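A.B. asks: Here it is, the structure, as structure tokens.
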Amino acid sequence: MKVLITGGTGFIGQALCRSLLEDGCEVLVLTRSVSRAAAKLGGPVRPIEGLGAISRDESIDAIVNLAGAPIVDRRWTDSRKRLLRSSRLDTTQDLLRLIERLDRRPEVLVSGSAVGYYGSQDNDHLLTEESDDFVPGFPHQLCADWEAAALQAEKLGVRVCLLRTGIVLGKGGALAKMLPAFRLGMGGPIASGRQWMAWVQLADEVGIIRYLIEQKTLRGAFNACAPEAATNAEFTRALAKVLKRPAFMRVPEIAMKLLLGEASELLVSGQRAYPRRLLDAGYQFRYTELEQALRASL
């Protein structure tokens, strides 16, 4: 099987590349720097700087679209919002043009999204893929537009799966940003601590992507998160327990707003997302308990 990955040098992309290569798949990775990608990914991965490098007679079985600038690492200025949108939508449009010109079109497109599709929620509602009680705002609109762009591939005869991912736990990503403070005993809940955090262990994130590629009857949106979401306070206690550190230094909501502005809503609000469609389809999670997932990640 030949798989084209965008965002292949990122936290999730690297793990996915390793998994596919271990099973003998051929992997192409779209990147801004072939040399950096080759050094980071190694092995037989084929880095390409542009989709124009793919000839129309090349046979690609699946595309996994993980491209997108980080969303919570800085303030959402107008220019930052434009970058967040263009890094997702423009890449997706480029993939649609590639699919259209290929002699043999891929069977499936697995395209990134996030539980942010449901907006920044401040309630305990269980959110399945069929839920329509999303909260309007930038996170919802960004994900909704990204998903709508990816779904255009269906008109080209390609099966489309939308990956509404929660916080991915592994050696890197969001967890790596939390660890320094927690290891110093300076971690703690954010704001009220009651906001929900939908999470998934990296091995399951990769497993879900591969499951969506391999199960040819699956299409549409899937919540890529463990069945049991945690509140921020529960997450804080679990991480502190695994690290054997205290965690009582609560971060006030006003501090997050001063630091990140509008982007702070991603930390002081959340989504209690539930992977109903994955469970109904028969996917079996390796990690369903938060403490177990954190130990595996660290």
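Each reported figure results from applying straightforward, stated rules to the coordinates on display, with no laboratory input. These numbers come from a predicted model, not from an experiment. Glycine gets a Cβ as well: all are built from the backbone with ideal geometry, and neighbour counts include every protein chain shown.
A.B. asks: What is the gain in length, in nm to one decimal, between R194 and A148 on full extension, counting 0.36 nm per residue of separation less the C-alpha to C-alpha distance?
C.D. replies: Roughly 13.4 nm would be gained on extension.
A.B. asks: When a footprinting reagent is the concern and you count Cβ atoms within 10 Å, what order do L28, L279 take, fewest first?
C.D. replies: Result, fewest neighbours first: L279, L28.
A.B. asks: What list of ³J(HN,Hα) couplings, whole Hz, do you get for region 90-107 from phi and the Karplus terms 6.51, -1.76, 1.60, once you set θ to phi - 60° and write x for glycine and proline?
C.D. replies: My calculation for region 90-107 gives 5, 4, 5, 5, 4, 5, 4, 5, 4, 4, 5, 8, 6, 4, 10, 7, x, 6 Hz in order.
A.B. asks: While we're looking at this one, here's another question. Please give the helix 11-22 orientation as an angle from the longest Cα principal axis of the chain, in degrees from 0 to 90, rounded to the nearest 10.
C.D. replies: Helix 11-22 sits roughly 50 degrees off the main axis of the chain.
A.B. asks: Next up: Assign unit charges at the C-beta atoms only (+1 for Lys and Arg, -1 for Asp and Glu), then state the dipole size of the chain relative to its Cα centre in Debye, rounded to the nearest 20.
C.D. replies: Charge dipole, the chain, about its Cα centre: 980 debye, nearest 20.
A.B. asks: Using 0.36 nm times the number of residues separating E214 and R36, minus their current alpha carbon distance, what extension gain do you get?
C.D. replies: Stretched fully, the E214-R36 segment lengthens by 61.1 nm.
A.B. asks: Provide V168, V135 in ascending order of the number of other Cβ atoms located within 10 Å of each residue's Cβ, fewest first.
C.D. replies: Exposure proxy ranking, most exposed first: V135, V168.
A.B. asks: Hey, another quick one. Sort 227-233, 46-52 by packing, meaning the average of other beta carbons within 10 Å per residue, with the highest value first.
C.D. replies: The peptides rank, most packed first, as 227-233, 46-52.
A.B. asks: 222 nm [θ] for the chain, helices only, -39500 (n - 2.57) per DSSP H run of 4+, per residue, to 500?
C.D. replies: -12000 deg cm²/dmol
A.B. asks: Among A296, Q284, A62, flag the residue with its Cα farthest along the positive direction of the charge dipole of region 2-297, charges on Cβ as +1 for Lys/Arg and -1 for Asp/Glu.
C.D. replies: Farthest towards the positive pole: A296.
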